[in-house]
Amino acid sequence: MPNKTPNLVFSILLGLFNLSAVGVIVWASYRGLELSDESFYYLGYRYFNSSPDLSAASFHLIYGRFFSFLDLSLTGVRLLRLFLTLLASLVLYIGIAKHKAPASWPGRFILFNVILSGMLLSYTWTPMALSYNTMSSILIACVIGFWLLNLKSKKQAQNLCWAILGGLFVLLFFIKATNLILLPLVLFGELYWRYIQNSQKKRIPKLSPGSIITFVLGILGMLIFVSRGVGPIPETVDTHLQQLFGLANTDSTHTFSYLWNKYYTNAEMVFLKLLFPVLSILILYIFAKVYSRKSKDETFTWPIKLFKILGIIILLVFIVHNEYWKGGIQYRYHMLIPFIFGFVFVLLNQNIESEKINFIFLLGLLSVPVAGSIGTNNGLSAQILFYGVFVFLLIYYVIQSSKATWYTYIILGIMMLIATSQVISGTVLRPYRLSPLDGNKNKLYGVDALNNLKVDTAVFELSENLKSLKTIDSEYIFTYSGMMGVNLLLDKKPYSLEWFNESDDEKICLIITKSQITSDNILFMIPEKFPLTEKVISCFAEKGIDFKADYLKIKSFECFYPRNNTNITLEVYQHVSK
């Protein structure tokens with residue numbers, strides 16, 4: 001990195017970018033109530049251990065094991081996510097600093113800010129609360145951090161790191177099992193590291209017995225911790241595997257063919273978006289490469305300078321023309337694109353400058369976000385944003401050896417400024433299934449989980465319409481997952497913690513079959529547009545719940561339905577005995 005004074009100024013500038021993003025996230029944590037996904041996450045954290053069993057997801061269980069004693073409000077869970085994101089950034093930084101940290105503290109501060117900015121990309125389009133995706137992002141950053149730390153540690157510290165890694169991989173298995181793709185990558189990286197450290201290259205690299213034993217002990221220790229109160233370890237693991245296979249069998253959006261088509265279509269879109277700017281930069285690259293080779297004079301650098309200047313101009317035009325500074329769910333498949341182009345640009349520049357690049361190291365970094373993203377039903381360009389820190393590290397490590405200080409600062413500045421803009425606009429102006437947060441000015445009262453949360457007019461009016469139902473002593477609410485927020489507003493339990501939509505008759509019937517909730521303890525809240533089908537009513541009847549005979553409509557009112565982004569009439573049905 002360049003001399004100390006410019007480093008200091010630049011590091012402070014990057015710190016201000018991240019400080020503004022973190023400040024906005026804290027401010028936003030006290031605003032908005034997302035009625036679908038975020039409410040689903042939070043209800044699972046509150047009732048993961050409920051009796052009778054509500055079929056909580058495994059990631060709900062993991063949250064409960066570590067944080068249920070805190071009894072956090074929704075705002076608290078949001079702030080916990082931010083705290084864990086900052087902590088994971090620090091762990092990853094410490095691991096990297098053991099290997100490739102700059103000598104000066106301003107340079108180290110720049111590296112930390114690059115890492116933090118990449119971690120905050122997960123806020124660009126998702127709900128604010130902790131979710132299985134953000135848990136995966138945090139844990140994977142910690143896995144890489146502790147693995148890197150282990151490589152440069154003494155034997156006892158190495159064993160401790162491997163024990164921690166064993167525990168972290170167990171958590172990844174329960175949160176999102178496809179994340180275990182990372183395990184063979186870490187093992188390959190470990191063996192490769194041992195190989196290059198062996199100067200004689202005569203022995204086949206292998207893990208030490210101490211590392212293997214402590215890794216296994218870490219796995220067993222975490223399995224015991226997670227399984228307590230649930231059942232024996234094999235039963236806990238089997239239950240989780242059944243959930244996974246059940247999801248693949250009952251949810252058409254998680255089949256292999258669906259995911260493959262989704263990923264392919266997404267990759268095609270990204271390729272077409274990048275085609276023209278990448279071709280433009282390739283033409284400039286060929287020109288600069290040819291003319292810089294023609295001269296043996298080392299001072300003949302104008303083709304390289306021209307490539308940098310024109311490349312930066314193309315990057316800026318590309319960003320401005322496509323409005324890549326915008327965040328929000330409607331831009332989720334596009335926000336990664338400028339960073340991909342930025343990586344291609346700096347990679348070509350380093351080739352012109354004749355700097356050697358460790359491609360195995362770059363492939364290793366690139367494999368982490370891909371491994372973390374596979375298995376979800378979002379296109380990869382949206383999902384990789386959860387692991388954007390590794391994309392930022394790719395750009396950072398390619399660019400840091402450039403001979404041109406000004407170029408290094410401009411590229412890193414552009415990347416982090418765009419990231420900050422995406423985070424702030426995605427959090428405030430286009431929050432996930434919410435109106436802009438600056439319009440959320442109505443305080444909610446009466447529910448501990450939501451006290452002092454500021455919401456928009458639509459949610460506030462919904463809470464007012466629901467107040468008359470608080471006196472009904474039904475303990476559970478049956479409603480579609482897109483309206484789970486009504487459970488929070490009424491401070492009642494959901495009928496199930498499984499995700500289901502109005503069109504999921506098969507899944508709803510499976511949930512009804514498993515449920516042990518009695519007929520007179522349920523309040524039905526059903527959108528008029530999506531009434532219970534005859535099949536679902538029949539499934540309830542088989543469990544002794546005669547919806548047509550035993551339930552009366554007691555209230556109906558108009559409210560906002562976030563899943564479909566439209567207003568609906570919500571109908572409330574109460575048991576005749578209440």
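The values are calculated or read from the model by the stated rules, or taken from the named source; none is laboratory data. The model shown is predicted, which means the values in this text are computed figures rather than measured ones. We place every Cβ from the backbone using ideal geometry, glycine too, and count neighbours over all the protein chains shown. Accessible surface areas use protein heavy atoms only, side chains included; no ligands, DNA or RNA. Shrake-Rupley method; radii C 1.70, N 1.55, O 1.52, S 1.80 Å.
Against the longest alpha carbon principal axis of the chain, how many degrees, from 0 to 90 and to the nearest 10, is the axis of helix 256-294 turned?
Roughly 20 degrees, rounded to the nearest 10.
From the phi of every residue in segment 18-28, what ³J(HN,Hα) in whole Hz does the Karplus formula 6.51 cos²θ - 1.76 cosθ + 1.60 yield, where θ is phi - 60° and glycine or proline is x?
Going residue by residue, I get 5, 4, 5, 5, 5, x, 5, 4, 4, 4, 5 Hz, with x marking Gly and Pro.
Please give the FRET efficiency for Glu558 paired with Asn442, using the beta carbon to beta carbon distance and R0 = 22 Å, rounded to the nearest 0.05.
Using R0 = 22 Å, I get an efficiency of 0.80.
Can you give the Rg and Dmax of segment 487-550 based on its C-alpha atoms, in angstrom?
Spelled out, the Cα radius of gyration and Dmax of segment 487-550 are 11.5, 30 Å.
For the chain, what is the charge dipole size about the Cα centre, in debye to the nearest 20, if Lys and Arg each add +1 at the Cβ and Asp and Glu each add -1 at the Cβ?
Here the size comes out at about 2800 debye.
What figure in square angstrom, to the nearest 10, would you give for the accessible area of Tyr41 with a 1.4 Å probe?
For Tyr41, solvent-accessible area is about 20 Å².
Using the alpha carbon gyration tensor of segment 456-575, what are the three equivalent-ellipsoid semi-axes (square root of 5 times each eigenvalue), largest first, in whole Å?
Over the Cα atoms of segment 456-575, the ellipsoid semi-axes are 22, 16, 13 Å.
In deg cm²/dmol and to the nearest 500, what is the mean residue ellipticity at 222 nm of the chain if only DSSP H runs of at least 4 residues count, each as -39500 (n - 2.57), divided by the residue total?
Result for the chain: -20000 deg cm²/dmol, rounded to the nearest 500.
Which net charge results for the neighbourhood of His99, defined as the other residues with beta-carbon distances under 13 angstrom from its beta-carbon, given Lys and Arg at +1 and Asp and Glu at -1?
After counting each charged neighbour, the total is +4.
Could you pull out every Cys in the chain that lacks a partner Cys with its beta carbon under 4.7 Å away?
Unpaired cysteines in the chain: Cys142, Cys161, Cys559.
Mind checking the angle between helix 105-120 and the chain's longest principal axis? C-alpha axes, 0 to 90 degrees, to the nearest 10.
Tilt relative to the chain: about 40 degrees.
Pop a pseudo-label 7 angstrom from the Cα along the beta-carbon direction at both Arg228 and Leu366 and give the gap in nm to one decimal.
In this crude spin-label approximation the distance works out to 4.4 nm.
Pairing the Cα long axis of helix 74-100 with the longest principal axis of the chain, what angle in degrees results, from 0 to 90 and rounded to the nearest 10?
20 degrees
What number comes out for the charge environment of Val455, summing +1 per Lys or Arg and -1 per Asp or Glu over other residues with Cβ under 9 Å away?
+3
Could the peptides 483-491, 308-316 be put in order, highest first, of the mean number of other beta-carbon atoms found within 10 Å of their residues?
483-491, 308-316
State, to one decimal in nm, how far the label point of Asp505 lies from the label point of Leu87, with both points 7 Å from Cα in the Cβ direction.
That separation, rounded to one decimal, is 4.7 nm.
Taking Cα centroids, how far is segment 467-501 from segment 522-578 in Å?
Taking the Cα centre of each part, segment 467-501 and segment 522-578 sit 11 Å apart.
Check which residues have an amide H placed less than 5 Å from Gly32's amide H, if you skip close sequence neighbours.
So Gly32 has HN proximity to Lys454, Val455, Asp456.
Keeping all protein chains in position, work out how much accessible area Trp406 exposes to a 1.4 Å probe, and write it in Å² to the nearest 10.
About 100 Å², ignoring ligands and nucleic acids.
Can you pick out the pairs among Lys454/Lys535; Lys176/Lys535; Lys273/Lys308; Lys492/Lys529 whose Cα atoms lie more than 29 Å from each other?
Flagged as over cut-off: Lys454/Lys535; Lys176/Lys535.
Calculate, for Asn521 and Tyr291, the FRET efficiency according to 1/(1 + (r/R0)^6) with r their C-beta to C-beta distance and R0 56 Å; round to the nearest 0.05.
It comes to 0.10.
I want the local charge near Gly379. Using Cβ-Cβ distances under 14 Å, sum +1 for each Lys or Arg and -1 for each Asp or Glu among the other residues.
Taking every Cβ under 14 Å from that of Gly379, the sum is +2.
How large are Rg and Dmax for segment 70-219 when calculated on the C-alpha trace, in angstrom?
Both quantities, over Cα of segment 70-219: 16.9, 58 Å.
Provide the per-residue ³J(HN,Hα) series for segment 420-433, in order, calculated from phi with Karplus coefficients 6.51, -1.76, 1.60 and θ = phi - 60°, each as a whole number of Hz, with x at glycine and proline positions.
4, 5, 4, 5, 5, 5, x, 8, 9, 7, 10, x, 4, 6
Round to a whole angstrom and tell me the spacing of the C-alpha centers of segment 364-379 and segment 54-105.
19 Å
Modelling each spin label as a point 7 Å along the Cα-to-Cβ direction, I'd like the Leu151/Asp53 distance in nm, to one decimal.
Each label point lies 7 Å from its Cα, and together they span 4.2 nm.
One quarter of the convex hull surface, Cα atoms only: what value does that give for the chain in nm²?
28.7 nm²
Report the equivalent ellipsoid semi-axes for segment 384-506 in whole Å, largest first, defined as the square roots of five times the eigenvalues of the gyration tensor built from alpha carbon atoms.
Result for segment 384-506: semi-axes of 44, 19, 11 Å.
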